[in-house]
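Asks: The structure follows.
Where a number appears in this text, it was derived from the coordinates with a stated rule and is not lab data. What you see is a predicted model; the values in this text were computed from it and never measured. Note: ideal-geometry Cβ built from the backbone for every residue, glycine included; neighbour counts use all protein chains shown.
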Amino acid sequence: MKITGEHQLAAPASEVWKKILDPRILERITPGIKTLEEKGPDHYKAISEVKLGPVKGRFEGDLFIRDKEEGKKCKVVLDQKSKLGNALAEIGMELVPVSERETLIKYSGDARISGMLARMGQRVLGGVVKTLSKQFFEALEKEL
């Protein structure tokens, strides 16, 4: 499934960059993430709980920050597994300064699920992704 969108924030790009790359903040603002434990530079063990319609699952796996261009862009890769199936999301984010006090975040990428999740959740995945994106940006705005 393709994921694309953008969101404007009332904060300078440098401040937005610091927030989205701070693992404690990322843990708080990313819907579904229960814990992020640092395993190495830009590599975290991630435990998530996600609900897709009637299906709820606990996932464990890795979160990576890749292709960083300081203050401008990065890619977040979340690779998780559960008894219900597997999930892999790769989302690129670009920070575009609109003014000294505003930043536009453009994001795009792919999310793939397999196993029982794919069979049961494919129909609702699009709506869930939109909801999770909205929750992420609302939480980020509060942090800023």
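Asks: How large is the dipole of segment 2-143 about the Cα centre if only Lys and Arg carry +1 and Asp and Glu carry -1, each at its Cβ, rounded to the nearest 20 debye?
Replies: Numbers: 26 positive and 22 negative charges, 153 e Å.
Dipole magnitude for segment 2-143 comes out near 740 debye.
Asks: Starting from 0.36 nm per residue, how many nanometres of slack lie between residue 51 and residue 28 once their C-alpha separation is accounted for? Intermediate results must be reported in sequence, preceding the final value.
Replies: Details: separation 23, 0.36 × 23 = 8.28 nm, distance 1.74 nm.
Value of the extension gain: 6.5 nm.
Asks: Given 51/130; 18/56; 2/134; 75/134, which pairs have Cα atoms separated by over 21 Å?
Replies: Numbers: 51/130 13 Å; 18/56 31 Å; 2/134 16 Å; 75/134 18 Å.
The answer is 18/56.
Asks: Using alpha carbons only, how many degrees (0 to 90, rounded to 10) separate the axis of helix 116-143 from the longest principal axis of the chain?
Replies: Value to nearest ten degrees: 30.
Asks: Can you compute the radius of gyration and Dmax for segment 2-143, using only the Cα atoms, both in Å?
Replies: Rg then Dmax for segment 2-143, in Å: 14.9, 47.
Asks: Of 20, 65, 1, which is farthest on the positive side of the dipole of segment 1-106, counting Cα position, with +1 on Lys and Arg Cβ, -1 on Asp and Glu Cβ, and the Cα centre as origin?
Replies: Final value for the positive-end residue is 1.
Asks: Run the quick spin-label model on residue 81 and residue 21: label points 7 Å from Cα toward the beta carbon, then report their separation in nm to one decimal.
Replies: 3.1
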